[in-house]
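Heads up: the structure comes next, in structure tokens.
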Amino acid sequence: MEIEKALHESAARYLQQSGGMDRLKAALVAQATLSPVPKILKVPILVNLMDVREVDECLAETVMTDPVQAQQLFHKVLHVVAMSILSSLRPSITSGDDHCPPAATTVPPILNDQVSLYPKEDKDKANKDEDMVSVDFDLSLQCLSPELSPDHSSLADEAETITAAQIYAPLRVSGIPWVKEWMVSSVRDLPLHLKEPILALLAGRVLAVSLPQSYTVWARYVCSNSDCVGTVKDLHVRVFSVGHDEADTVHRHPLCRVCGFSLVEDPSARELGEKAQVVLVPGERSSLRESQAEHARYQTLTLVLRDEMLQGVEPGQSLEATVMLVPRAFPALPKLEAILVHPPRPLKPHSALPSFFRRLVEDRQSSPWSLVVTLAYMFASTVTPAGTFHTFKLALLLSLASCSSYKAGLAVLGVGSNTTLLLRLLWYGSRYAPRKIHHSSLDSVSGVCVKEPDGQVWVQGGSLLMAHGGVCVLGDFSTFRKDVRQAVCRALESGVVHVQSPSHLRHKTPPHRYPLRSAAWACYDPAHGRPRSSTEHDDTFLHVPLGDLTKSITDIFGLVIYCETPDGECEREAEEVITLQTLLDSTNPKVPPQPLLPPDQLQQFLCIARSLDVEFSPEAEKLIRGYYVATRRLRGDCVQGASVPITAIHTLAQVASCHARLALRKTVECWDAVAAVMLSEEALAAHSGYSLLQVNPVPHLPPHCDLHTILGRKNDERMLRFQRRLEDFILTHTGDISSDL
């Protein structure tokens, strides 16, 4: 008893220090102002384990090893404090409530401690070997503090009396260190012969989410004996508690604690909540380590989420939670119940630049464009030589800098006949994304709904959803079926992934919608389309069959990079360089080629770039808006279908902000806007055959050109001339509305 009393004192001291008493008082005052007054007082018990250890080490150990007992301790303290607060607030409550007259006084009944509201029931055959002790977890009036006598004035007014069972105080534990002993990393970590619930930590990626189901949060009972004082309202209230079966809340044969007669549920006093199950792949891995274990298999875990924990749960997202392992009859594994879903951890990049990139940044400080161009020149040098597919590599780097768990990344489409090299570049670039998914024809691109034999309906995430916060490599987009292509275009255009239900479930489950939070990468072979008829001809400017590469596809993807030019001279030179490098590498296979950018340091650099919060300068905004308006005016009636789509202004802003991040700037300057306009104008010129700003598409850099021309001073002079040309172009075609831009 002395140990229990000491734990109660420690729990009260912690609640006082952590603000739990203030939250309880605020909840009581808010409850008293409602009409009608709610039957249940919802006050979650917020416990930070590290703070509890400073108060009492024994209490912290109880929270971890016996969370049910810890919840009872905090629950008793909250009930006693609630009675005291109600007693002190009685004058203010009664004077301010004109709608609820004082009720007649009711003498509290004498409880029969030998009669439990949760009697033991006969277990089924699977549970006969288990000696599970029935726990009276609702903590009715018998858990009142001895200091409060039955004739206390606070119990005189039924309207101001609150029983312990009317306090719904779920335990919410945080501050548990992420050490191996307290983590559930796989099914192997689940104890097989668990007797009492314990706490653990679980982190993983959501693979599927079940449709929400109802469960009883609390129910009220009255005694069937009309002469018993157990007919008093709110005397027999049962509240759900994590760690116990849901059937305990709605008992089949409850007995009155006063007279022992059976209780009858009041059907008008039952509150329902929502619960759902999620399937997790436990353990988060970095992209570089993940690439080494792509073919490894992992057994999933099923986690139960309730009420507010269901908000924002999406397939593909990372989820970290404090869970309670609830024992079940052997050989069934313990059930995992979430008691707290941790908020997403903020991105914490490395505090300092890696040594290689620090020297590179210092060397490129004099130029606003040289750093980003140099990164694109050196990127993926082991896949294709430096300078080849230069614009496409730049687009991949910009997309990597746009990856975020809160919004969709920059979509990239590479158009060219050499899809083999384009796919290799896509696969190589995805290694540096926070998360990567390689789409397969066997997978769904958006998601599917599956109904199990027990009637449970699950929403399984497709490739776009599973790449949450990263990159989804779709592959060769020209080989996709029409319905799959339409699903991708619809998701990229609206920013929402639609998961359609099967035909036999559509009358029960409507389509599910999840926000797109990944960047889609794909390549396209214009010659790989439907067979041409005799009346169809090649494209006038590209001189290649466009197949079914329609304008809608090029408008949906943010960056469309054409890797071929009309004359093909640039491609022939690039093929010679690629062939030479392939022959040189094959002559010495024991020494693999080394990348120009160290992979581990590039990963750190991109992490730092993604963490930068950038803001647009007025000059950059004016350039982007002016170019958008002027181009829309001049290309509105283009026969070739190269008019600028409405979404182009969003793409321009996204490309400019990503360029600023790669340049390690927190402000999007006019230089970044100029680079974004240059990429956009190159794509328009390659598709339509002409440029309003005299831009020639250059998918590959000249192989025999000096670095000053492509990376240094001459490149800066070329970009400055283009900036002046752009400013004149905007002034000429938007001069009448320049003040509104």
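The values are calculated or read from the model by the stated rules, or taken from the named source; none is laboratory data. Model, not experiment: these values are computed from the prediction. A quick note on method: Cβ atoms are made from the backbone with ideal geometry, for glycine too, and the neighbour counts reach across all protein chains shown. The protein model used for the area step is the full one, side chains on, heavy atoms only, and it has no ligands, DNA or RNA in it. Shrake-Rupley method; radii C 1.70, N 1.55, O 1.52, S 1.80 Å.
Tabulated data
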| quantity | calculated |
| --- | --- |
| For the range 382-515, diffusion coefficient by Stokes-Einstein and Kirkwood Rh (Cα), 10 °C, 1.306 mPa s, µm²/s | 98 µm²/s |
| Cβ-derived FRET efficiency at R0 25 Å, Arg632 paired with Gln694, nearest 0.05 | 0.85 |
| Filtered trypsin sites (Lys or Arg not before Pro), the range 243-282: DSSP coil and at most 15 other beta carbons within 10 Å | Arg252 |
| Fully extended contour minus Cα-Cα distance, from His650 to Asp51, at 0.36 nm per residue | 211.0 nm |
| Mean Cβ neighbour count within 10 Å, used as a protection proxy, ranking 656-665, 487-496, 697-706 highest first | 656-665, 487-496, 697-706 |
| R0 of 56 Å, Cβ-Cβ distance Thr65-Ser586: FRET efficiency to nearest 0.05 | 0.35 |
| Per-q log10 I(q)/I(0), the range 350-418, q = 0.12, 0.14 Å⁻¹ (Debye; single scatterer per alpha-carbon; no solvent) | -0.41, -0.55 |
| Label-to-label distance, nm, for residues given as Ser440 and Glu2 (7 Å Cα→Cβ offset) | 6.5 nm |
| Within the range 594-741: Cβ-based charge dipole about Cα centre, in debye rounded to nearest 20 (Lys, Arg +1; Asp, Glu -1) | 140 debye |
| Two-site label geometry, Ser351 and Cys607: point separation in nm, points 7 Å out along Cα→Cβ | 1.4 nm |
| Above-threshold pairs, the threshold being 22 Å between Cα atoms, out of Lys76/Lys180; Lys407/Lys666; Lys195/Lys335 | Lys76/Lys180 |
| Computed label-point distance, nm, for sites Trp182 and Ala269 using a 7 Å Cα→Cβ extension | 3.9 nm |
| Most positive-pole-ward Cα, Val372, Ser444, Ala487, against dipole of the range 367-515 from beta carbon charges | Ala487 |
| Within-12-Å neighbourhood charge of Ala663 [Cβ basis; K, R +1; D, E -1] | +2 |
| Computed over the range 666-741, the ratio Rg/Rh where both radii use C-alpha atoms and Rh is Kirkwood | 1.02 |
| Probe 1.4 Å, accessible area per residue of the range 2-62, Å² | 55 Å² |
| Estimated FRET transfer efficiency when R0 is 51 angstrom, pair Tyr406-Asp227 (beta carbons, to 0.05) | 0.25 |
